1. Out of the residues in the range 102-117 that are out of contact with any helix residue (DSSP H, G or I) (no Cβ under 8 Å at 6 or more places or on another chain), farther than 22 Å from ILE148 by Cα and without any contact (Cβ under 8 Å) to a residue 60 or more places away in the chain, which is surrounded by the fewest Cβ atoms within 10 Å (Cβ to Cβ)?
2. If you go through the range 52-65 one residue at a time, do you hit one that is among the polar types (S, T, N, Q), buried (at least 21 other Cβ atoms within 10 Å of the Cβ) and touching a residue at least 12 places away in the same chain (Cβ under 8 Å)?
3. Checking PRO123 against (1) more than 18 Å from ASN11 (Cβ to Cβ); (2) not in a loop (DSSP other than H, G, I, E, B); (3) not basic (Lys, Arg), only one condition comes out false. Which one?
4. Only one of LEU73, LEU96 is in contact (Cβ under 8 Å) with a residue 12 or more places away in the chain, of a type outside the set (Ser, Thr, Tyr), within 23 Å of LYS146 (Cβ to Cβ) and in a helix (DSSP H, G or I). Can you tell me which?
5. In the list TYR72, TYR33, which residue meets the criterion of being of a type in the set (Phe, Trp, Tyr) and in contact with a Phe, Trp or Tyr (Cβ under 6 Å, 6 or more places away or on another chain)?
6. Hey, could you check the range 168-201 for residues that are surrounded by 12 or more Cβ atoms within 10 Å (Cβ to Cβ) and among the polar types (S, T, N, Q) and say which is nearest to ILE16 (Cα to Cα)?
7. How many residues does the range 73-101 contain that are over 20 Å from GLY156 (Cα atoms) and either surrounded by 18 or more Cβ atoms within 10 Å (Cβ to Cβ) or under 18 Å from the mean Cα position of the chain (by Cα) (or both)?
8. Of all the residues that make up the range 41-72, how many are over 21 Å from VAL104 (Cα atoms) and either among the aromatic types (Phe, Trp, Tyr) or in contact with a helix residue (DSSP H, G or I) (Cβ under 9 Å, 6 or more places away or on another chain) (or both)?
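Computed from the coordinates by the stated procedures, all read-outs in this text should not be read as laboratory data. As the structure is a prediction and not an experimental result, all values here were calculated from the model. Cβ: placed from backbone, ideal geometry, glycine included. Neighbour counts: every protein chain shown.
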Amino acid sequence: MLLYQFRKGTNPRRVIIYLSEKGIDVPRYELDYENKEHRSAEYLALNPAGRAPTLVTDDGLAITDSAAIVEYLEERHPDHPMIGTDARSRARVRSLERLAADLVGRGQLWLWNRTNAFPGKEPAPSPEAADRIFRYVAEILGVLEKEIGENSFLAGATPTIADFTAFPIFQTARERFDLPFGDDHPRLESWYRRFRSRPSA
């Protein structure tokens, strides 16, 4: 088994954090994004989308989506479940995980227009577009602010895949680009600081 990753990437960090929280040791290969290794013929043969992460299983299956990688590993390692323990908790975690995944998609579109760091995604960043897109980002931030309630983590008292999905886009915006992201939502701000103190983050 081998995980192709890019540690700065938002989606790869979902898997990296999950592995740390779960205590799973998987051999890893860090893709050289600066020299476009993720666009090489060798890597595109594994992942035609040309992005990280990709997990190649022991039997040669290439899993090319971060959520699918997490679910595959969760099924392979059922102890200490992080997707929920029964139908009710799994429904709660999955609904928040999907909301967080939507936040990542909207947040990335915002970053592509808010910064000049993604010329391959957005060759002509637009502050006006960024402002429009952030309205849709803020919509989800508001929902998560309500959903977390008084919980320590998004779905309850312990971390789940919902946290591992949401946290990296906060971290990318705040730490990689020094941009505010969710800091005007008190519960999410507390959640972010709480999760940031964990070794996995």
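1. Here the residue is ASN116.
2. Within the range 52-65 (the criterion being among the polar types (S, T, N, Q), buried (at least 21 other Cβ atoms within 10 Å of the Cβ) and touching a residue at least 12 places away in the same chain (Cβ under 8 Å)), the answer is yes, since at least one residue qualifies.
3. Tallying (1) more than 18 Å from ASN11 (Cβ to Cβ); (2) not in a loop (DSSP other than H, G, I, E, B); (3) not basic (Lys, Arg), PRO123 fails exactly one: (2).
4. Values: LEU73 fails: within 23 Å of LYS146 (Cβ to Cβ).
It is LEU96.
5. Working: TYR72 fails: in contact with a Phe, Trp or Tyr (Cβ under 6 Å, 6 or more places away or on another chain).
Unique residue meeting the criteria: TYR33.
6. In this case the residue turns out to be SER200.
7. From the range 73-101, those over 20 Å from GLY156 (Cα atoms) are 73, 75-77; that's our starting set.
Now restrict to residues that are either surrounded by 18 or more Cβ atoms within 10 Å (Cβ to Cβ) or under 18 Å from the mean Cα position of the chain (by Cα) (or both): 73.
Of the residues in that region, 1 qualify.
8. Qualifying residue count, the range 41-72: 6.
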